[in-house]
């Protein structure tokens, strides 16, 4: 991920029309992919690959237990979709990056891990997110109860800790919170969150919703759930949802447009001769899917076209291949949006689609605005999404791997490498508004603009001038907040974006951070 690197985007994003990609993985633009995508012409090619692989499997040393499991699965079923590979690498039971044992005392986050996030760069980030939800609570009538504070993908709990500390200074809102819900599948991360938010000796209990523990902030209950579906979706609740660097870690499918095989001429019969194919007809286009398969044993970096910056590591054990025919995913997912359908007839167009992002966007929208299934007398609540990705174009070739604060091949050391991809904010907005007539969407806006409007500069000045703050500490505070808003190639202000889902109001009120003021 870009969290710790502060780099400019490393892959091309499709412009309005999606520039054709004759060489899909040009080393100058691709994020850690091998430079060649293999296309198997028929089943015999794939069978031969696995025959050779199986002969040498006993000799091959796999980098992780998950790599060996992936090879076994692919040997049985054939190449798997990119989304399946990502899901196993990130949340698989055997050595998943977030759910497996990544190593004794190992942490994914922070300077000793693989990346750092905005809340860990500066406490001001979490404070301003807390202020944003306080402003929404005020604008929506200051309810005395029924507020649900929900975070998906909460990491170590740093963001929620800063938010709760800030909200605690506004007792009326703090008292309106029924519970704080943390959607987290990793046992290790749950323990880290509990330690930070509740203290090591806080008691725990279990219910149908999940695991409970009282927080150090006024004893409010923290509830951990595996999925957001476990959180009650009730008409009288006001859900405030934060998703920070969450959508980028959801699995993506990748597709490329290709010419469909020409139709076979009709066979002749005693009464009608064979019909020749029509002349000068444009070939029909279809979507093919990017699949993951093992690299051959003994493959070299030169054969894979690995960028020089990544040749100090062993060659990756897996690679992307392009399916020779449409798959069940390529027949359906690219047809779900006119944005994708418009690109289909342009040869070699590439798109990335994230079905899980649509699932979460739908959930957020229906909790806030209601739906036919979840009736709500009055829309209420808000969702704030902060991540990196494209504002109005379809992401392409955006999969990246990060390990020890360095960009690495995403197909190396499965389970030990953090995988992420650009977020398609336009797709999230479209899905949210389609899921519920009771919501509207604001943004995306650049994170730098959002934080400036929220007052990050003024808050930083307060902290640097606080009693007891020396020059060294003041310089760190100053450098940290500027990194969050910097729109240059090494900053996070333009790369990261913010998007809000709010109750539908005919656009009469713009939220703070998106050009509006606090109302009510």
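Odds and ends about this structure:
- Residue 316 vs. criteria over 30 Å from residue 261 (Cβ atoms), in contact (Cβ under 8 Å) with a residue 40 or more places away in the chain and assigned to a loop (DSSP other than H, G, I, E, B): yes
- Selected residue (criterion: farthest from residue 373 (Cα to Cα)) from residues of the range 423-432 that are assigned to a helix (DSSP H, G or I) and touching a strand residue (DSSP E or B) at 6+ places or on another chain (Cβ under 6 Å): 425
- Qualifying positions in the range 200-223 - surrounded by 12 or more Cβ atoms within 10 Å (Cβ to Cβ) and assigned to a loop (DSSP other than H, G, I, E, B): 202, 204, 209, 210, 215, 216, 217, 218, 220
- The numbered conditions (1) farther than 30 Å from residue 329 by Cα; (2) modelled with pLDDT under 95; (3) crowded, with 20+ Cβ neighbours inside 10 Å are all true for residue 162 except (2).
- Residue check for residue 357: within 16 Å of the chain's Cα centre (by Cα) and under 18 Å from residue 146 (Cβ atoms): no
- Taken as a whole, the condition of being within 23 Å of residue 133 (Cβ to Cβ), crowded, with 23+ Cβ neighbours inside 10 Å and in contact with a helix residue (DSSP H, G or I) (Cβ under 8 Å, 6 or more places away or on another chain) does not apply to residue 427.
- Yes/no for residue 360 being crowded, with 22+ Cβ neighbours inside 10 Å, touching a helix residue (DSSP H, G or I) at 6+ places or on another chain (Cβ under 8 Å) and over 22 Å from residue 80 (Cβ atoms): yes
- Whether a residue is out of contact with any helix residue (DSSP H, G or I) (no Cβ under 6 Å at 6 or more places or on another chain) and over 29 Å from residue 138 (Cβ atoms) was assessed, and residue 490 passes this test.
- Taken together, the residues in the range 97-151 that are at pLDDT 80 or above and touching a helix residue (DSSP H, G or I) at 6+ places or on another chain (Cβ under 6 Å) amount to 22.
- Residues in the range 188-199 that are out of contact with any helix residue (DSSP H, G or I) (no Cβ under 8 Å at 6 or more places or on another chain) and either over 20 Å from residue 247 (Cα atoms) or part of a loop (DSSP other than H, G, I, E, B) (or both): 188, 191, 192, 194, 195, 198, 199.
- Top-ranked residue in the range 467-487 [being part of a helix (DSSP H, G or I) and touching a residue at least 24 places away in the same chain (Cβ under 8 Å); ranked as nearest to the chain's Cα centre (by Cα)]: 484
- The condition of being in contact (Cβ under 8 Å) with a residue 60 or more places away in the chain, surrounded by fewer than 23 Cβ atoms within 10 Å (Cβ to Cβ) and out of contact with any helix residue (DSSP H, G or I) (no Cβ under 6 Å at 6 or more places or on another chain) does not hold for residue 410.
- Positions within the range 444-492 being crowded, with 21+ Cβ neighbours inside 10 Å and in contact with a strand residue (DSSP E or B) (Cβ under 7 Å, 6 or more places away or on another chain), in sequence order: 444, 447, 450, 454
- Being touching a helix residue (DSSP H, G or I) at 6+ places or on another chain (Cβ under 8 Å) and without any contact (Cβ under 8 Å) to a residue 40 or more places away in the chain is a property that residue 461 lacks.
- The set of residues from the range 138-147 being in contact (Cβ under 8 Å) with a residue 40 or more places away in the chain and over 27 Å from the mean Cα position of the chain (by Cα) comprises 138, 139, 140, 141, 142, 143, 146.
- Count of the range 224-238 residues which are surrounded by fewer than 23 Cβ atoms within 10 Å (Cβ to Cβ) and in a strand (DSSP E or B): 1
The values are calculated or read from the model by the stated rules, or taken from the named source; none is laboratory data. Fair warning: this is a prediction, and the values are worked out from it, not measured in the lab. Here the Cβ is made from the backbone with ideal geometry for all residues, glycine too, and neighbour counts use every protein chain on show.
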